[in-house]
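Engineer: Attaching a single structure in structure tokens format; questions to follow.
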Amino acid sequence: GQQVMQIPQYQHVQEGEDFTTYCNSSTTLSNIQWYKQRPGGHPVFLIQLVKSGEVKKQKRLTFQFGEAKKNSSLHITATQTTDVGTYFCGWTGNQFYFGTGTSLTVIP
Amino acid sequence: DTEVTQTPKHLVMGMTNKKSLKCEQHMGHRAMYWYKQKAKKPPELMFVYSYEKLSINESVPSRFSPECPNSSLLNLHLHALQPEDSALYLCASSQRTSGPSYNEQFFGPGTRLTVL
């Protein structure tokens, strides 16, 4: 069956450092979405990628979908304390699935 | 209005109680979802309603009973729950469940359920 790994599970960074989380699949994904969940909050949609090799940017956030549509990454440049939270990738198979998430801590 | 509302925010219930969780959206979305989220875990899909019909039931125990009275409302009826059912229950909606461009899901704030 389809297996998607999200790494790392946890990441602590100094404010101003960069951060990257990855989702890697054993099979081709039709699309990938990214969500952010603040501590005590609910998931909030960030972006959807559907095309091979697609790259999208939102201010300091850069999202990529691999050429083979088997992996995706979310990169944050110069992290701020407001970036704290858990970042989940998600994808559509028989239903919608979330990755295991990467919990980001930003140290002021 | 781009908001999904859920009530109650917190719920404590005994194993013999019957309670209901409510979810509402006024974005005209035709797909609505129930998720269960345990601490430090990703949300797990429980049910999907598409055009007010149950389209996905992810092998959820019968002590959880969903209901979609109309396109804006989604309920989750709870009966004879177990302590391990304690979790954050999230409702979400999207324009549809499938298609060339899978739609983003808008999540409500959740109901934090504790089963004693």
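Engineer: Per q in 0.13, 0.16 1/Å, what log10 I(q)/I(0) does a Debye calculation on the alpha-carbon atoms of the stretch A:2-53 return?
Structural biologist: Each listed q maps to, in turn, -0.43, -0.65.
Engineer: Based on the mean of other Cβ atoms within 10 Å per residue, sort peptides B:50-61, A:23-34 so the most packed one is first.
Structural biologist: Averaged packing, sorted descending, gives the order A:23-34, B:50-61.
Engineer: Further question on the same structure: Determine the percent antiparallel among the DSSP beta bridges restricted to the protein assembly as shown, to the nearest 5.
Structural biologist: Here the share of antiparallel DSSP bridges comes out near 90 percent.
Engineer: If you don't mind, another one. Looking only at Cα atoms, what is the convex hull volume of the stretch B:31-116 per residue, in Å³?
Structural biologist: Dividing the Cα hull volume of the stretch B:31-116 by its residue count gives 101 Å³.
Engineer: Still on this structure, please answer the following. Counting only the backbone N, which residues of the stretch A:10-41 are under 13 Å from the spot 7 Å out from the Cα of A:Gln80 toward its beta-carbon?
Structural biologist: A:16
Engineer: Given H placed 1.01 Å from N in the peptide plane, which residues other than close sequence neighbours of A:Glu17 have an amide H under 5 Å from its amide H?
Structural biologist: A:Thr79
Engineer: Exposure proxy check: B:Tyr89, A:Tyr10 ranked by fewest other beta carbons within 10 Å?
Structural biologist: Lowest count first: A:Tyr10, B:Tyr89.
Engineer: Based only on Cα atoms, what Rg/Rh ratio does chain A have, Rh being taken as Kirkwood's radius?
Structural biologist: Rg/Rh for chain A comes to 0.96.
Engineer: In a shell of Cβ-Cβ distance under 14 Å around B:His77, excluding B:His77 itself, what net charge do Lys and Arg (+1) and Asp and Glu (-1) give?
Structural biologist: In short, +2.
Engineer: Which whole number gives the average, over all residues in B:83-92, of C-beta atoms from other chains lying within 10 Å of the residue C-beta?
Structural biologist: 1
Engineer: Give me the base-10 log of I(q)/I(0) for the protein assembly as shown at each q in 0.12 Å⁻¹, Debye formula, one uniform scatterer per Cα, rounded to two decimals.
Structural biologist: -0.66
Engineer: What do the square roots of 5 times the Cα gyration tensor eigenvalues come to for the stretch A:49-108, in whole Å, largest first, as semi-axes of the equivalent ellipsoid?
Structural biologist: Details: eigenvalues 107, 49, 12 Å².
Square roots of five times the eigenvalues give 23, 16, 8 Å.
Taken together, the values in this text are just the output of simple stated rules run on the coordinates, not laboratory data. All of these numbers come straight from a predicted model, not from anything done at the bench. Don't worry about glycine lacking a Cβ; one is built from the backbone with ideal geometry, like all the others, and counts go over all protein chains shown.
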